[in-house]
Amino acid sequence: MSSTASASTKLPLLTALLLTGVLLGGAALPGCTDNPFESTPTIEASQREIHGTVRLSDGGDPSGIYVWMQGFDIATTTDPDGKFTVTLPPPEAQGPAGGADGVYSLYTFLGNYRLRSVRSAVRDGAFIFPTDDINERGEINEQLVMQQLFSISTNLSRTHIEADSPRTIAVQVELRSDVPPVEVYFPSMLQGIEGPVLLHNLGTGEVDIYPTVVTGVEIQNYVQLGPIPYTRSLLLIIPKYKLQAGTYEVIPYLLPRVQSIPIPLLNSLGNDVAALSENYVYYPFRRDGGILTVMPN
């Protein structure tokens, strides 16, 4: 991956994590040999898989939602129906002491939705069922509905350009929340880059960071969102021959400041995913619009 920004534009990990309001993830409880959920009188089945279904409160596409298991640092994403399966490694691969014992949380994560979690119990490296949240077949009892905290819509004045011609594209970013107060870090200038946006080539995976010209009189770095949309207008200048033919997503750089996220969960997504770097594209969001098609010469 390449970038038009230098390494100095990357936020230190600690700074980025503070912006997102992260907390350290809870540690597993060692030596769990009895049922940790007192309301469940007996535990009979034992296996290494948990199955669940995720839904979004706004009825959005439930595919590709990030699912992460605390303690084991294993992750997956949901399928087109919002379903997922998390499988523990064999007990002998769970550490020097062999099969793990404890209570661990399973998280579902999207940056602009409320984090969800379910507790699970592990004994000798395998899940123990049933529990309050999981039935005897290893299925989470209820669908995990993730509440949307804010929406992100990116509108482009041009959605198709030629690779051999310079273009100026007006970009309008609209943020809105039905569950205020929600605060978002949306910098007008970061490490010398005005109104940073990322261009993600959806075919090759290549990412470039571009400055824009931020228009408007009153621009805040921290935006309070509500049901009335907040909009910001940017001017994106694409030099001649800068982009090869393909389909790109124009991604505005912003971070939520509305919930606590376990640090190991963020680390599992990649190196400094909350910083202004190419890896920001791995910070999972649900965004609308922003698709740019570059046509061949």
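Rule-based calculations on the coordinates, nothing more; no lab input. The shown structure was predicted, so the numbers you read here are calculated from the model rather than taken from an experiment. Don't worry about glycine lacking a Cβ; one is built from the backbone with ideal geometry, like all the others, and counts go over all protein chains shown.
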Neighbour-limited loop hits for trypsin sites (Lys or Arg not before Pro), the stretch 187-246 (at most 14 other Cβ within 10 Å; DSSP other than H, G, I, E, B):
Lys240
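Mind ordering 86-96, 282-292 by average Cβ neighbours within 10 Å, highest first? Provide the component values of the computation, followed by the final result.
On the way: 86-96: 14.2, 282-292: 17.6.
Final packing ranking: 282-292, 86-96.
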When a/c reaches 1.5 or more, the comparison of a/b and b/c decides; with that in mind, is the stretch 212-297 rounded, prolate or oblate per its Cα gyration tensor?
oblate
Using alpha-carbon positions, what is the distance between the centroids of the stretch 80-108 and the stretch 215-238, in Å?
41 Å
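If I take R0 = 25 Å and measure r between the Cβ atoms of Thr215 and Asp288 in this structure, what FRET efficiency does the formula 1/(1 + (r/R0)^6) give, to the nearest 0.05?
Working: r = 21 Å, r/R0 = 0.85.
Taking R0 as 25 Å, the efficiency between Thr215 and Asp288 is 0.70.
Over the stretch 197-265, what is the relative contact order in percent, taking alpha-carbon pairs closer than 8 angstrom and at least six residues apart?
Details: 63 pairs, mean separation 30.8, N = 69.
Over the stretch 197-265, the number comes to 45 percent.
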